[in-house]
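To keep things clear, I will list the structure first and then write my remarks on it.
Please treat every number below as a calculation from the coordinates, not as lab data. Just so it is clear, the model here is predicted, and its values are computed rather than measured.
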């Protein structure tokens, strides 16, 4: 099974990397693909250019077995829709896919373009931080219906070609790309919030300053 982990990665940091590693190991994934978003459909454009975000991601993942980068959204014109990305990946592999999301992203799943189609293309793994309840998700009619149909344990996920939902506990790291960018803009250090090679690249390129 292939994990799909999308984001702007503007910049990539340990709040992305550690949870992704824990999901990768817990679900025994064959591969986890980091997919940098080209042009977000529901948020402002990334601050760093695509080439810089891709370069930082390469530095962060260098030498990590099973972690790969898929840049198809950067090469595609127009807004980046995950449904398009999953459809194109499905055309290239017979392996099952699992879309890795944070709790906030999953809570807003119904706002995504053709979101129902996502469930036919992939399983969904929701990263859940310790102490964060998920009962509020059942208050949304759409999500309640989805959850009642498809919740699975991590060990069962490999049995589903798509449509199953798994909640996976991950280490809580309160790190955000926004906070890193603000620190850089204010002349403060962002060291230890992200890989050292990424931090050095940001300094060399004067990113976010």
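The long axis of helix 50-61 is offset from the longest Cα principal axis of the chain by roughly 80 degrees. In region 127-209, Rg over Rh equals 1.18, where Rg is the alpha-carbon radius of gyration and Rh the Kirkwood radius from pairwise Cα distances.
Taking all Cα-Cα distances within region 42-133, those exceeding 18 Å account for 58%.
Could you estimate the translational diffusion coefficient of region 1-41 from the Stokes-Einstein equation, with Rh from the Kirkwood formula over C-alpha pairs, at 4 °C and 1.567 mPa s, in whole µm²/s? My calculation gives 120 µm²/s for D.
Pairing the Cα long axis of helix 14-26 with the longest principal axis of the chain, what angle in degrees results, from 0 to 90 and rounded to the nearest 10? So the inclination is approximately 40 degrees.
Extension gain, residue 91 to residue 110, is 4.4 nm, computed as 0.36 nm per intervening residue step minus the present C-alpha separation. Pair-distance distribution P(r) for region 2-172, from all Cα-Cα distances in 10 Å bins starting at 0: 10, 40, 39, 11, 0 percent. The overall shape of region 3-99, judged from the alpha-carbon gyration tensor, is oblate: a/c is not under 1.5, and a/b is no greater than b/c. Between helix 141-150 and the chain there is an angle of about 70 degrees, using the helix long axis and the longest principal axis of the Cα atoms.
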